[in-house]
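Presented below is the structure to which this report refers.
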Amino acid sequence: MKKYNIYSVKQIHFVGIGGIGISSIARMMLLKGKKVSGSDVNDSEVVEELIKLGAKVKIGHRKQNLDPETDLLIHTIAVPKNNPELIKAKELGIRILTYPETLGLISKKHYTVAIAGTHGKTTTTAMLAKVFIDAGLKPMAVVGSLLKDERSNFIAGNGKYFIVEACEYKRSFLNLEPKILAITNIDNDHLDYYKNLEDIQKAFSELVSKIPEDGFLICNRNDPKITPVLKTAKCQIIDYAKIDKKIGLKFPGRHNLENAKVAFALGQLVNIKEKEILKSLKNFRGTWRRFDFKGKTKNGALIYDDYAHHPTEIKATLTTFRKKFPKKKITVVFQPHLFSRTKILLKEFAISFEDADEVIVAPIYAAREKEDKNISSETLADKIKQNGKPALALENFQKIEDYLMANTDKGNIVITMGAGDIYKVGGKLI
């Protein structure tokens with residue numbers, strides 16, 4: 001991409017402004033005094049927060065949402081080419097950038113620390129941001145969730161470092177220019193785009209090749225899914241798996257401990273004192289929708305919410321819940337995310353609820369996809385039942401709420417789970 005000063009624009013329009021990633025850029029621009037407008041399909045907590053900060057947001061995509069005085073339009077990669085606001089911007093000659101392209105332009109201007117990986121990158125990015133903030137490094141950070149302390153997915157630091165969550169979908173992270181890269185893990189996902197695991201590894205290999213010789217790669221170099229991508233590295237590799245320090249966290253889970261090791265290794269790399277890193281990690285309160293306690297129902301059931309939407313994540317999350325509540329009845333309300341993911345990983349999903357006592361399956365959250373009549377929540381519920389777990393598919397949120405109020409009590413743990421809007425169910429029950 002040709003040299004472009006994104007900070008010089010005065011008025012920016014965001015298509016898909018409620019997305020957890022792109023909304024962070026909207027926040028950044030608002031804080032820099034830019035005029036911000038945007039649109040999204042649905043209202044949300046993220047959208048409401050942006051409106052409070054001064055953004056003008058419309059629900060629904062229409063040509064008239066775009067002010068002709070707009071200097072720049074930024075859109076999520078989930079937005080189709082026939083989006084009326086994109087078409088209008090082209091007619092008006094307004095510059096158009098994707099969210100990943102925008103991150104790439106920001107990355108070029110800063111010392112970039114990128115956190116990549118199929119699972120755990122959001123929590124790791126948030127942990128690292130806290131470690132750097134507590135150490136007085138004043139980082140700028142873009143996180144794929146809201147940090148509980150800041151209630152924001154953007155940290156507006158003016159220090160040396162730009163900490164960014166690096167998404168692998170459609171090779172988005174290749175827009176970044178990382179000086180330091182951490183890879184938490186690599187797994188089968190986004191198979192609506194990637195052909196297979198090897199194709200995913202090729203994308204990670206390409207990202208690794210972008211790290212300069214004086215840069216650093218942090219990973220578990222003995223992980224068999226990561227080892228193949230290290231061949232393109234020309235920088236120093238730091239193995240976080242060798243860290244044997246006792247790291248205390250406010251929330252449980254082996255996967256969270258692994259994330260903390262990555263943050264610990266990165267903190268050490270930039271010469272933050274070990275004692276300070278451990279203190280920051282111990283005080284880290286987590287992020288929105290990650291093992292997130294929401295409150296109690298009138299019946300006394302405890303409501304939690306979690307973003308897990310891949311079989312590996314579901315299994316890890318439920319293992320953690322079972323260890324925390326060994327004798328409680330655990331009811332999972334799962335909203336599958338994408339028809340393609342549910343269809344391709346159906347067998348894996350069906351066996352991932354081993355530590356639940358009951359699974360309620362909500363309608364599939366289509367997001368960027370068209371309906372696929374060959375897969376449904378009923379199909380998934382049937383597969384779960386075939387693997388020995390009680391499962392029920394319900395056709396809408398209201399029926400789910402009614403079912404939970406009639407079938408849970410103070411002995412229950414209810415977990416709303418998924419990458420869509422299933423968290424709204426828990427909000428209604430509290």
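Sorting check: for 96-107, 229-240, 352-363, which peptide has the highest mean count of neighbouring beta carbons within 10 Å, and how do the rest follow?
For the peptides 96-107, 229-240, 352-363, the packing ranking is 352-363, 96-107, 229-240.
Check C167: other-chain or 5+ apart residues with amide H under 5 Å from its amide H, H built from backbone geometry?
Those lying under 5 Å, H to H, from C167 are F173.
Could you sort the peptides 397-404, 312-319, 64-71 by per-residue average Cβ neighbour count (10 Å cutoff), highest mean leading?
The most tightly packed comes first, giving 312-319, 397-404, 64-71.
Working out 0.36 nm times the residue gap between K347 and E369, then minus their Cα-Cα distance, what length gain in nm do you get to one decimal?
Working it through step by step, the gained length comes to 5.8 nm.
On average, how much accessible surface per residue is there in the chain, in Å², for a 1.4 Å probe, leaving out ligands, DNA and RNA?
44 Å²
How many percent of the accessible area of the chain is carbon or sulfur, using a 1.4 Å probe? If you can, show how the numbers build up before the last one.
Values: 9260 of 18910 Å².
Whole-percent figure for carbon plus sulfur exposure: 49.
Considering only DSSP beta bridges with both partners in the stretch 100-198, what is the antiparallel share in %, to the nearest 5?
25 percent
Quick one: Cα centre-to-centre distance for the stretch 94-114 and the stretch 175-191, in angstrom?
Spelled out, the Cα-based centre of one part sits 16 Å from the other.
Of K130/K250; K56/K294; K298/K327, which sit over 19 Å apart, Cα to Cα?
Values: K130/K250 14 Å; K56/K294 29 Å; K298/K327 21 Å.
Check vs 19 Å cut-off fails for K56/K294; K298/K327.
Within 10 Å, count the other beta carbons around each residue, average over each peptide in 196-207, 52-63, and list them highest first.
Per-residue Cβ counts within 10 Å, averaged per peptide and sorted highest first, yield 196-207, 52-63.
Let me see the pair-distance distribution of the stretch 164-276: every alpha carbon pair, 10 Å bin width, integer percents in order.
Per 10 Å bin, starting at 0, the Cα pair percentages come out as 13, 43, 33, 10, 0.
Any chance you could tell me what percent of the C-alpha pair distances in the stretch 77-127 go past 12 Å? Numbers along the way, then the final one.
Values: 944 of 1275 pairs.
In whole percent, the long-distance tail amounts to 74.
Gap in Å between the Cα centre of the stretch 405-424 and the Cα centre of the stretch 280-313?
Cα centroid of the stretch 280-313 versus Cα centroid of the stretch 405-424: 11 Å apart.
So what's the gap between the Cα centers of the stretch 325-346 and the stretch 217-266, to the nearest angstrom?
27 Å
What residues qualify as long-range amide H neighbours of Q236, i.e. H under 5 Å apart, gap of 5 or more or another chain, H built at 1.01 Å from N?
Long-range HN contacts for Q236: G215, L217.
Which of the lysines could a cross-linker span from K231 if the Cα-Cα distance has to be under 16 Å and same-chain partners fewer than 8 positions apart are dropped?
Once the sequence-local lysines are set aside, what remains near K231 is K202, K210.
Keeping all protein chains in the complex and leaving out DNA, RNA and ligands, what accessible area do you get for L249 with a 1.4 Å probe, in Å² to the nearest 10?
50 Å²
Counting only residues 5 or more places away or on other chains, whose amide H sits under 5 Å from the amide H of G157 once H atoms are built in the peptide plane?
Distant-sequence amide H within range of G157: M140, A141.
If you take the Cα Rg of the stretch 102-176 and divide it by 2.2 N^0.38 Å, with N the number of residues, what do you get?
Rg over 2.2 N^0.38 Å, computed on Cα atoms: 1.02.
Which FRET efficiency value, to the nearest 0.05, is calculated for Q11 and E48 with the Förster distance at 22 angstrom and r the Cβ-Cβ distance?
0.50
Quick one: Debye curve from the alpha-carbon atoms of the chain only, equal weights, vacuum; give me log10 I(q)/I(0) at q = 0.08, 0.13 Å⁻¹ to two decimals.
Reported log10 I(q)/I(0), two decimals: -0.45, -1.24.
Can you pull the Rg over Rh of the stretch 301-372, Cα-only, Kirkwood?
0.99
So what's the convex hull volume per residue for the Cα atoms of the stretch 1-108, in Å³?
Numbers: hull volume 10.0 nm³, N = 108.
So the per-residue hull volume is 93 Å³.
As an exercise, find the ratio Rg/Rh for the stretch 100-238 from alpha-carbon atoms, using the Kirkwood inverse-distance average for Rh.
With Rg and the Kirkwood Rh in hand, the quotient comes to 0.95.
The values are calculated or read from the model by the stated rules, or taken from the named source; none is laboratory data. Model, not experiment: these values are computed from the prediction. Because the Cβ atoms are built from the backbone with ideal geometry, glycine has one as well, and the counts that use them run over all protein chains shown. Quick note on the areas: whole protein, heavy atoms, side chains included, nothing else; ligands and nucleic acids left out. Shrake-Rupley method; radii C 1.70, N 1.55, O 1.52, S 1.80 Å.
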